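Right, one structure below, let's go through it.
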Amino acid sequence: WVSDYFKNIPENRLHLANLPTPLHGIHRNIEVESDSKQSVSVLNRFHELNINLFIKRDDMTAGVELGGNKIRKLEFLLADALSNNYDSVVTIGGEQSNHCRATAAACRMVGLRPHLILRTKRATQVEEHRKQNDEDSFGYTGNILFDRMVGASIYTCTPGEYGRLGSQELVKRLCQDITDNSEINNKKVYPIPVGGSNGIGTFGYIEGVSEINSQLDRGQTNLHHVVFACGSGGTAAGITLGFALSNIAKNQDVPQLHAVGVCDSPEYFYNEVATIADEMGLDLSTRTDCDSTVAFVKKYLTAHQGKGLGYATSTQEELDFITNFASETGIVLDPVYSGKALYHFVTHELVE
């Protein structure tokens, strides 16, 4: 069905992830041990509403270098870079960006040189320290350590620069700077947007939805709601378009799709998903009653404001929710993305 709806289907794809990832069913009848410190059971809410919960384990796409949702996008992005004879890659993200870590490691696996722009409040301090002492004070913790281990070239920007110039402009400028200052003739630097979210990378989650549909078909299971975190829009675009169009093609009901934003506003994400869909060459001319891409997106996707205190900042209630869920299921949701998504859905949407 993909070729019926998209004009710009990528010709190449790498195979770096361990696919398919499991689709785990969570048993509602698990008895949770009484603990005075524990809040109300997370699973009890699903039991009360007779809801069966499944978790798509895309934290298991690969090892610590590549694990997470970004590798699905990178399989298409880096294939495009290689097929067009690029030798280096530039991308951007937060100080502890999983996307940047995965990009750096994947680049090394396929022979590309990674350059990372990391957004941090410490950018000015790090740069001043470098000038005064000729020393790198950025540190060796978390994903920064992994970035260094694979030999990524690391650059920094302040949140102010990121907001004023935008991530695309920062990537564009660094690509040009590397090209201009290279001693290598004809050096080609491939730009990857924040989160790998564009019309090429998003096909990774078109494939991801096909994978989920195959698993559901084998288990003879139908979904009514699909909940996921949304940070840069690419995963949300792939899941939205994948579920909507595949079910339309089969004349089946589309599940309610919930994108819980961990930054920015719902309206921003509606427009971002629509922009990515247009980049993919989405053709709705003869197959739906929607007069625009944004209208199509809004028909099937509900974007929620779920950032709470802000990106990568958690409330105590969110942390308690994640801890309780882990104690009941043995599955650890991450506090920046998946944890906030399920927390918002359970505490706001299921209440309504």
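The values are calculated or read from the model by the stated rules, or taken from the named source; none is laboratory data. Owing to the predicted nature of the structure, the values given are computational and were not obtained by experimental measurement. Cβ: placed from backbone, ideal geometry, glycine included. Neighbour counts: every protein chain shown. Quick note on the areas: whole protein, heavy atoms, side chains included, nothing else; ligands and nucleic acids left out. Shrake-Rupley method; radii C 1.70, N 1.55, O 1.52, S 1.80 Å.
Numbers at a glance
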| item | result |
| --- | --- |
| Index of the failed condition, Gly163 passing every other in (1) touching a residue at least 12 places away in the same chain (Cβ under 8 Å); (2) farther than 29 Å from Leu14 by Cβ | (1) |
| Any hit, region 245-252, residues being within 20 Å of Ala303 (Cβ to Cβ) and either crowded, with 21+ Cβ neighbours inside 10 Å or of a type in the set (Phe, Trp, Tyr) (or both) | yes |
| Residues of region 47-76 satisfying the condition of being hydrophobic (A, V, I, L, M, F, W, C), under 29 Å from Thr313 (Cβ atoms) and not in a loop (DSSP other than H, G, I, E, B) | Leu53, Phe54, Ile55, Met60, Ile71, Leu74 |
| Matching entry among Thr202, Thr141 (being under 23 Å from the mean Cα position of the chain (by Cα), farther than 23 Å from Gly238 by Cα and of a type outside the set (Asp, Glu)) | Thr141 |
| Test result for Ser214, exposed (fewer than 14 other Cβ atoms within 10 Å of the Cβ) and either under 17 Å from Lys299 (Cβ atoms) or not aromatic (Phe, Trp, Tyr) (or both) | yes |
| Scope region 295-314; condition open to solvent by 30 Å² or more (accessible area, probe 1.4 Å), without any contact (Cβ under 8 Å) to a residue 60 or more places away in the chain and either in contact with a strand residue (DSSP E or B) (Cβ under 6 Å, 6 or more places away or on another chain) or within 25 Å of Leu342 (Cα to Cα) (or both); matching residues | Lys298, Lys299, Thr302, Gln305, Lys307, Gly308, Leu309, Thr313, Ser314 |
| Some residue of region 152-163 being out of contact with any His (no Cβ under 9 Å at 6 or more places or on another chain) and open to solvent by 80 Å² or more (accessible area, probe 1.4 Å) | no |
| Test: Ile206 is in contact with a Gly (Cβ under 7 Å, 6 or more places away or on another chain) and of a type in the set (A, V, I, L, M, F, W, C) | yes |
| Test: residue in region 223-231 that is surrounded by fewer than 18 Cβ atoms within 10 Å (Cβ to Cβ) and under 20 Å from the mean Cα position of the chain (by Cα) | yes |
| Of residues in region 169-202 being touching a residue at least 12 places away in the same chain (Cβ under 8 Å) and farther than 20 Å from Asn84 by Cα, the one most open to solvent (accessible area, probe 1.4 Å) | Val194 |
| Members of region 83-139 found to be without any contact (Cβ under 8 Å) to a residue 24 or more places away in the chain, surrounded by 14 or more Cβ atoms within 10 Å (Cβ to Cβ) and not in a helix (DSSP H, G or I), listed by number | Phe138 |
| Members of region 279-294 found to be touching a residue at least 40 places away in the same chain (Cβ under 8 Å) and closer than 18 Å to Tyr268 by Cα, listed by number | Glu279 |
| Among (1) modelled with pLDDT of 95 or more; (2) open to solvent by less than 60 Å² (accessible area, probe 1.4 Å), the one test that Phe146 misses | (2) |
| Some residue of region 148-158 being touching a Cys at 6+ places or on another chain (Cβ under 6 Å) and either within 19 Å of Val171 (Cβ to Cβ) or in a strand (DSSP E or B) (or both) | no |
| Residue check for Ser327: in a helix (DSSP H, G or I), touching a Phe, Trp or Tyr at 6+ places or on another chain (Cβ under 7 Å) and among the small types (Gly, Ala, Ser) | no |
| Among the residues listed as Asp278, Asp283, Asp264, Asp289, the single one being charged (D, E, K, R), open to solvent by 50 Å² or more (accessible area, probe 1.4 Å), at pLDDT below 95 and within 25 Å of Gly196 (Cα to Cα) | Asp264 |
| Scan of region 18-46 for residues that are open to solvent by less than 70 Å² (accessible area, probe 1.4 Å), in a loop (DSSP other than H, G, I, E, B) and at pLDDT 90 or above, ordered by number | Leu19, Thr21, Pro22 |
